[in-house]
Amino acid sequence: MEIRFREFDPFNCWIWLRFSHAPGQGERGYIDTVFDSWFFLGKLGGFNAENLQVQDEGAELSGMAYDTDMAARAMPALMHNMGEIEYRSEWARCWLDLGTSDALAIDVLINTLRQLDTDVVEIQEVLIGGVNDDWPVEDHPDNPFTSLSDPDA
């Protein structure tokens with residue numbers, strides 16, 4: 001599975017998946033669940049690199065003292081919005097407003113898609129950001145910045 005980053009705007013980000021074949025309904029169910037689960041974790045602040053106390057502790061976690069005050073001082077890192085996953089032949093795409101979530105979110109998604117590629121459906125390519133010439137995008141209706149960039153809105 002190849003991973004490529006193109007022009008990246010966290011507030012208006014398309015994620016594209018190219019499969020070896022058009023995914024069937026069962027495979028689409030897994031893909032949809034991955035994105036929905038990932039988004040809900042992000043919406044609830046799960047991808048906050050400012051508060052990774054357990055990760056930073058290392059391998060020995062027995063008796064670890066979790067600092068709730070430190071966790072409370074961390075700036076919120078929340079995803080804002082996600083569009084419906086769209087499918088066209090061997091492609092899928094999803095629009096996201098990643099908000100203030102940290103880049104950790106992208107790593108978690110890539111790790112999850114790598115395992116999905118191994119266990120469920122062959123993903124040839126993951127493109128993060130940018131657009132595909134053969135599948136044009138319009139301003140997403142959930143993008144709060146759409147009206148700012150469109151003088152006719």
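List of remarks:
- Three-way shape call for region 58-98 based on the alpha-carbon gyration tensor, with the a/c threshold at 1.5: oblate
- Relative contact order (percent, whole number), the chain, Cα cutoff 8 Å, 6+ residue spacing: 43 percent
- Modelled spin labels at VAL108 and ARG73, positioned 7 Å past Cα toward Cβ, are 2.3 nm from each other.
- Derived scalar couplings between HN and Hα for region 78-83 equal 10, 6, 9, 7, 9, x Hz in order, rounded to whole Hz, by the Karplus curve 6.51 cos²θ - 1.76 cosθ + 1.60 (θ = phi - 60°), x for Gly and Pro.
- Principal-axis analysis of the Cα atoms of the chain puts helix 104-119 at an angle of about 60° to the longest axis.
- Taking θ as phi - 60° and the Karplus parameters 6.51, -1.76 and 1.60, the scalar couplings of region 19-30 work out to 9, 6, 8, 4, x, x, 4, x, 5, 4, x, 5 Hz in sequence order, x denoting glycine and proline.
- For GLU125, the residues 5 or more places off, or on other chains, whose built amide H falls under 5 Å of its own are GLU2, ARG18.
- Rounded if a/c under 1.5, otherwise prolate or oblate - the chain, Cα gyration tensor axes: oblate
- Debye, to nearest 20: dipole size of the chain, +1 on Lys, Arg Cβ, -1 on Asp, Glu Cβ: 160 debye
- Considering only GluC sites (Glu not before Pro) in DSSP loops that have at most 12 other Cβ atoms within 10 Å, the longest stretch of the chain without any of them is 85-137.
Any read-out appearing in this document is the output of simple, stated calculations on the displayed coordinates, not a laboratory observation. On a predicted model such as this, the values are computed, not experimentally measured, just so you know. Please note: Cβ atoms are built from the backbone with ideal geometry, for glycine as well, and neighbour counts cover all protein chains shown.
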